[in-house]
1. Among the candidates B:ARG46, B:ARG150, single out the residue that is farther than 18 Å from B:TYR302 by Cα and open to solvent by less than 10 Å² (accessible area, probe 1.4 Å).
2. So, B:VAL115, is that one more than 12 Å from every other protein chain (Cβ to nearest Cβ), away from ligand 2 (no atom under 16 Å from the Cβ), within 23 Å of the chain's Cα centre (by Cα) and β-branched (Val, Ile, Thr) or not?
3. Being modelled with pLDDT of 95 or more, among the basic types (Lys, Arg), in a helix (DSSP H, G or I) and away from ligand 1 (no atom under 16 Å from the Cβ), is that true of even one residue in region A:20-30?
4. Across region B:49-75, which residue is farthest from the other protein chains (Cβ to nearest Cβ) among those that are open to solvent by less than 20 Å² (accessible area, probe 1.4 Å) and in a loop (DSSP other than H, G, I, E, B)?
5. Taking region B:243-259, which residues are under 17 Å from B:SER77 (Cα atoms) and open to solvent by less than 50 Å² (accessible area, probe 1.4 Å)?
6. Going through region A:53-66 one residue at a time, which ones are open to solvent by 30 Å² or more (accessible area, probe 1.4 Å) and at pLDDT 95 or above?
7. May I ask you to list the residues in region B:281-298 that are open to solvent by less than 10 Å² (accessible area, probe 1.4 Å), within 14 Å of chain A (Cβ to nearest Cβ) and either at pLDDT below 95 or on the phi > 0 side of the Ramachandran plot (or both)?
8. Could you check how many residues of region A:13-47 are within 13 Å of B:PRO83 (Cα to Cα) and either facing chain B (nearest Cβ under 9 Å) or open to solvent by 30 Å² or more (accessible area, probe 1.4 Å) (or both)?
Amino acid sequence: MTGTVTTAAYCDRCGGSLAEGDHGACAAARRLEPPRYCGACRRRMKVQVVPAGWTATCVEHGTLRS
Amino acid sequence: MPEILEHARAQVLERGVGLDEAGVLAVLRLPDEHLPAALQLAHEVRMRWCGPEVEVEGIVSLKTGGCPEDCHFCSQSGLFTSPVRAVWLDIPALVEAARQTAATGATEFCVVAAVRGPDPRLMTQLREGVRAIRAEVDIQIAASLGMLTREQVDELVEIGVHRYNHNLETARSHFPKVVTTHSWEERWETLRMVRDSGMEVCCGGILGLGETIEQRAEFAAQLGELAPHEVPLNFLNPRPGTPLGDQPVVDAKDALRAIAAFRLALPRTILRYAGGREITLGDLGTRDGLLGGVNAVIVGNYLTTLGRPAGTDLALLSELSMPVKALSTAL
Ligand code: SF4
Ligand SMILES: [Zn+2]
Ligand SMILES: [Zn+2]
């Protein structure tokens, strides 16, 4: 179930549509944050941060890892 | 040299007596041209009263999000529309996080939970987690679980937690503007019990919560009164969805002034860089702070946000000829 998100329709930081608005600030912030929203369905993901990485899980689209 | 720095040289550097509130305020008000001298003096104080070693720590969230409290800076409060969801870390993953932390050379591993205070489920999880870490990893274990009862303090001592973190967060006079679900005095009470138990007290806060410069000085003086073993200094990283989500980031020079001032208020404490340094200070400022009074770092990621890779900080320490505190000297 790792990395099944291939085409992102939503911003993984704010959950907004990538087709609308500017997500440049989100992308910049993401350098020091894990993703919070699933890019495929904009569900809030379960995110676990550990000292050397993170995992983010969408119930529908699986788990992303740093 | 400004009078306050002459005074601090005589009192803090020579005698090891921290600055009082008025003294801290004078340092916080120094114009930019005197900032290098303040940082230099704070560095000398750190070298004289703490030495060149840097204490390295990793932190991990055992229980993330869904907290019933309303600390206005916190993305883990369940009362705001923050995107952070509640999640628990299992014990194998906790042990693995401790192992990765120890592999960086860190001597401290702090296990944190987003709660008002521990419930029986959390105490059980912590007890099992600490036992598992101690069986497999050579590292000292600290905890941060909110407000404690006397019985919980005793239990933490018994299971081998050597240091307890509980931040006062900000000046007493500003606290009610930042948190309404519990009081500064309740936090102080937990700290008093922790100190009495013999566990090391770790207590710091966050700068940039809308406090005035005077309140920053007040906070440093209140920490001076508590005299914690360690003070983690965070700079607000405004979190989406929280009441302080639109607060500006602390100006880098103000952050450095605060580092020098807190060191001059707390000559012997372990003054740790905690969250927010990346966005507030960047790489250059991180270096300035380590040469301006800071003698401890959190390496790797934070609880819900990411830090610089541990290797970047360790390389910087080596470049600055600051040895990482070893477990043998820590014990
Ligand atoms: S008690 Fe801790 S986890 Fe809960 S809202 Fe306050 S800072 Fe966040
Ligand atoms: Zn966005
Ligand atoms: Zn999804």
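1. Details: B:ARG150 fails: open to solvent by less than 10 Å² (accessible area, probe 1.4 Å).
Sole residue among the options that is farther than 18 Å from B:TYR302 by Cα and open to solvent by less than 10 Å² (accessible area, probe 1.4 Å): B:ARG46.
2. yes
3. Yes, because at least one residue in region A:20-30 is modelled with pLDDT of 95 or more, among the basic types (Lys, Arg), in a helix (DSSP H, G or I) and away from ligand 1 (no atom under 16 Å from the Cβ).
4. Ranking the qualifying residues of region B:49-75, first place goes to B:GLY51.
5. Scanning region B:243-259 gives B:LEU244, B:GLY245.
6. Taking region A:53-66 and keeping what is open to solvent by 30 Å² or more (accessible area, probe 1.4 Å), we get A:54-55, A:57, A:59-61, A:64-66.
Matches in region A:53-66: A:TRP54, A:THR55, A:THR57, A:VAL59, A:GLU60, A:HIS61, A:LEU64, A:ARG65.
7. B:THR286
8. Within region A:13-47, the subset within 13 Å of B:PRO83 (Cα to Cα) is A:13-16, A:33-38, A:42-47.
From what is left, the residues that are either facing chain B (nearest Cβ under 9 Å) or open to solvent by 30 Å² or more (accessible area, probe 1.4 Å) (or both) are A:13-15, A:33-34, A:36-37, A:42-47.
Residues meeting the conditions: 13.
The values are calculated or read from the model by the stated rules, or taken from the named source; none is laboratory data. Here the structure is a predicted model, which means the values were calculated and not measured. Note that we place each Cβ from the backbone using ideal geometry, even for glycine, and neighbour counts take in every protein chain shown. Note: areas computed on protein heavy atoms with side chains; ligands, DNA, RNA excluded. Shrake-Rupley method; radii C 1.70, N 1.55, O 1.52, S 1.80 Å.
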